[in-house]
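Each remark here refers to the structure printed beneath this line.
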Amino acid sequence: MSTCLFLLDSRNARFVAIESRDQSIHRPHGYEAARKLGLAHRFSYGPHWFANPSLRDRVFTIRDAGTPVPAEVVGGLDIDGGSWLAFHRGTGVYCRIFADTATGDEFVSASGLPLDCVAADSAQHAVQLLETRLLPALDGARRMPGFHLLIADSNNAFVVTFDGRDTVATTSLAADRPHVLTETGAAADDEFGKHLQSRADGVAAPTENLPSWGPWVSVFAGTDADAPDYSDESWLADRHSAIRPPYRDTDDADRYKNVALRPVTDPSQVAWTKSITIYSADRTGAELFAYNERQLFDYQPLPTDVHKMGFPTTTDDFFVVIANENS
């Protein structure tokens, strides 16, 4: 149930995005993934693949194997060695992937693709890279789960969709209006996505200045006045907010319900929003990147009080990684 709200601002030649990542509650990510992988520098977002070139060997990529990941590539580290989100500090190219889950030795992860794409000169070139190299790289011998991949810079925004078989399709997105992308695709294909997009319509676009993100953070983190409380039986994770406390990630009728009210025996069937990031880039490159995250360890009890989970409500709740002098 991950979500990305983004906009291409043509008047100011700027791309902005706020995104959330939902994941199994105990799966290591960020700094905990860095620790588990034995990295010396245990930070959540950074140039992991430049500092640790062996990480690239863990994931499937479509660029030449001998081409190193540039130092300017910053991303969130997943336990498999890849990333769900990456960007290039110099060009401002941004990638956020929403990939289907698949198990089995015949599948390769799509988590290396954001690293490939942000190393391209522009969003347009990144799209061309995927369109020309993905299927030949899979070569019929390997399988990859389907995905939706947002690729953007200050000039263009695209969503590249792979159906998990033999089709790569690209959609160019209009500027000057908010868009929403989720695991099911564009807002038109997702009821919550459509609702979030409508809430963002008419809200002032953020800039490279962190306080300017207040309205978008409120839209993204907020819920409707008539939305049920998390403790209510009618609460569902996929209906009310892009930031979600622990819920059932199961394949039954109780999916998306409060897991404290409908417990599971398998901890891997509990998900929540692990991280939220905000990003801004103009023609000079990345201007602002900040994040908010949480990690629950297997010895910790399942949290039930939303107010104690550390979810952001204002821009003060984000840790700033990159900021220009105006931020």
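Things to note:
Each row is one residue, and each column tells you yes or no for (1) over 23 Å from residue 168 (Cβ atoms); (2) among the polar types (S, T, N, Q).
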position: 44; (1), (2): yes, yes
position: 54; (1), (2): yes, yes
position: 85; (1), (2): no, no
position: 90; (1), (2): yes, no
position: 97; (1), (2): no, no
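- Residue within the range 159-171 that is in a strand (DSSP E or B), of a type in the set (Gly, Ala, Ser) and touching a residue at least 12 places away in the same chain (Cβ under 8 Å) present: no
- If you check 275, 234, 280, 241 for being among the polar types (S, T, N, Q), without any contact (Cβ under 8 Å) to a residue 40 or more places away in the chain and closer than 30 Å to residue 157 by Cα, only one passes: 241.
- Residue list for the range 56-74, filter: under 21 Å from residue 322 (Cβ atoms), open to solvent by less than 20 Å² (accessible area, probe 1.4 Å) and out of contact with any strand residue (DSSP E or B) (no Cβ under 7 Å at 6 or more places or on another chain): 69
- Among the conditions (1) surrounded by fewer than 17 Cβ atoms within 10 Å (Cβ to Cβ); (2) touching a residue at least 60 places away in the same chain (Cβ under 8 Å), residue 29 misses just one, which is (1).
- Check on residue 96, surrounded by fewer than 24 Cβ atoms within 10 Å (Cβ to Cβ) and basic (Lys, Arg): no
- Pairs with Cβ under 7 Å, 6+ apart, first in the range 123-134 and in contact (Cβ under 8 Å) with a residue 60 or more places away in the chain, second part of a helix (DSSP H, G or I): 129/116; 129/117; 130/117
- Taken over the range 247-259, the criterion of being in contact (Cβ under 8 Å) with a residue 24 or more places away in the chain and either farther than 23 Å from residue 194 by Cα or outside any loop (DSSP other than H, G, I, E, B) (or both) is satisfied by 247, 258, 259.
- Applying the condition of being open to solvent by 40 Å² or more (accessible area, probe 1.4 Å) and among the small types (Gly, Ala, Ser) to the range 151-174 and asking which residue is nearest to residue 106 (Cα to Cα) yields 169.
- In the range 132-150, the condition of being open to solvent by 10 Å² or more (accessible area, probe 1.4 Å), outside any helix (DSSP H, G or I) and at positive phi is met by at least one residue.
- Filter result (open to solvent by 40 Å² or more (accessible area, probe 1.4 Å) and either part of a strand (DSSP E or B) or of a type in the set (Lys, Arg) (or both)) within the range 260-287: 262, 283
- Applying the set (1) closer than 28 Å to residue 216 by Cα; (2) in contact with a Lys or Arg (Cβ under 7 Å, 6 or more places away or on another chain); (3) surrounded by 20 or more Cβ atoms within 10 Å (Cβ to Cβ) to residue 15 leaves exactly one unmet item: (2).
- Within the range 96-123, being among the polar types (S, T, N, Q) and either in contact with a Phe, Trp or Tyr (Cβ under 7 Å, 6 or more places away or on another chain) or in a strand (DSSP E or B) (or both) holds for 109, 111.
- Where a residue in the range 294-321 is at negative phi and its partner, wherever it lies, is exposed (fewer than 12 other Cβ atoms within 10 Å of the Cβ), with Cβ under 8 Å and at least six apart: 294/310; 315/211; 317/310
- Residue list for the range 228-259, filter: among the basic types (Lys, Arg), open to solvent by 20 Å² or more (accessible area, probe 1.4 Å) and under 19 Å from the mean Cα position of the chain (by Cα): 239
- Exclusive hit being assigned to a helix (DSSP H, G or I), within 29 Å of residue 299 (Cα to Cα) and open to solvent by 10 Å² or more (accessible area, probe 1.4 Å), set 42, 35: 35
The values are calculated or read from the model by the stated rules, or taken from the named source; none is laboratory data. None of these values were measured; they are calculated from a predicted model. When we count neighbours, we look across all protein chains shown, and the Cβ atoms used for this are built from the backbone with ideal geometry, even at glycine. Just the protein is used for accessible areas: all its heavy atoms, side chains included, with ligands, DNA and RNA removed. Shrake-Rupley method; radii C 1.70, N 1.55, O 1.52, S 1.80 Å.
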